């Protein structure tokens with residue numbers, strides 16, 4: 001048992017964390033990272049919801065300036081992808097949708113999964129924002145959210161975590177079988193956001209507050 005004020009503060013804090021972690025997860029580019037660094041040979045590799053990336057220091061390949069790095073980047077991206085240089089460090093990004101257009105089935109699966117994940121995450125983020133404002137503003141004496149229907153609030157309360165869960169499951173189910181990639185920091189943040197959203201909804205539904 002907890003009093004109504006404490007319950008409201010706990011739910012508001014959890015929903016705010018759901019919002020913040022959800023945004024960080026959805027915008028992050030480390031949903032997948034190598035399971036082991038043994039074979040990376042000085043490269044950093046990862047993937048977000050919509051693209052994969054590779055970062056390498058071309059000084060190991062003889063580059064001595066940014067202009068040489070940019071020349072190498074232009075050669076690497078002739079068949080697709082984007083690359084940029086910071087000194088001799090090149091970061092190359094490859095969109096899954098572009099790979100799908102080229103007929104790569106794995107890229108098509110990743111593009112579809114990324115679309116499901118993106119929609120689920122951002123829909124959940126919108127719900128989390130609505131609930132955070134609905135719960136936090138009255139604590140500050142602002143009644144701007146009083147016009148929001150109670151049914152919309154209930155739907156958004158469950159929707160924040162549930163939509164993120166659907167997005168993550170859809171993304172995970174579309175991952176190609178096998179491979180040596182593991183869940184990265186962005187994926188863990190998204191999972192934490194989903195847990196916070198569902199936890200807040202469960203507290204609101206099943207834990208009674210003292211009058």
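Roughly what angle does helix 185-206 make with the longest principal axis of the chain, taking Cα atoms, 0 to 90 degrees, to the nearest 10? Tilt relative to the chain: about 10 degrees. Against the longest principal axis of the chain, how steep is helix 150-173, in degrees 0 to 90 to the nearest 10, with axes from Cα atoms? Value to nearest ten degrees: 30.
When the P(r) is computed for the stretch 44-100, the part past 18 Å accounts for 31% of the Cα-Cα pairs. Mind giving me the FRET efficiency for residue 68 and residue 35? R0 is 35 Å, r the Cβ-Cβ distance, nearest 0.05 is fine. According to the calculation, E is roughly 0.60. Mind sorting out which of (1) 17.4; (2) 15.4; (3) 21.5 is the real mean projected area of the Cα convex hull in nm² computed from the coordinates? Entry (2).
Projecting label points 7 angstrom from Cα along Cα→Cβ for residue 150 and residue 101 puts them 5.1 nm apart.
Taking the Cα atoms only, what angle lies between the long axis of helix 4-27 and the longest principal axis of the chain, rounded to 10 degrees? With rounding to tens, the tilt is 20 degrees. Across the chain, the relative contact order, built from alpha-carbon pairs under 8 Å that are at least six residues apart, equals 34 percent.
Over the stretch 35-152, the alpha carbon radius of gyration divided by the compact-protein estimate 2.2 N^0.38 Å works out to 1.62. Using a 10 angstrom cutoff on alpha carbons, build the Gaussian network for the chain and name the most mobile of 99, 161, 80. Highest fluctuation of the listed residues: 80. Taking every DSSP helix (H) stretch of at least 4 residues in the chain, weighting each as -39,500 (n - 2.57) and dividing the sum by the residue count yields a mean residue ellipticity at 222 nm of -20000 deg cm²/dmol.
Full extension of the chain between residue 202 and residue 84 gives 37.9 nm of extra length, using 0.36 nm per residue less the Cα-Cα distance. When the Cα atoms of the stretch 1-87 are aligned to their principal axes, the ranges along those axes come out at 66, 26, 23 Å in descending order. Across the stretch 110-197, Cα-Cα pairs more than 21 Å apart make up 39 percent of the total. Among 173, 90, the order by Cβ neighbours within 10 angstrom, fewest to most, reads 173, 90. A Gaussian network model of the chain, with springs between Cα atoms under 10 Å, assigns the largest mean-square fluctuation among 199, 87, 124 to 87.
Taking springs between alpha-carbon atoms closer than 10 angstrom, which of 113, 25, 103 fluctuates most in the Gaussian network model of the chain? Comparing 113, 25, 103 in a Gaussian network model of the chain, the most mobile one is 103.
No lab work stands behind these numbers, since they all come straight from the coordinates. The structure presented is a predicted model; accordingly, all values stated were derived computationally and were not measured. In this analysis, Cβ positions are derived from the backbone assuming ideal geometry, glycine residues included, and neighbour counts consider all displayed protein chains.
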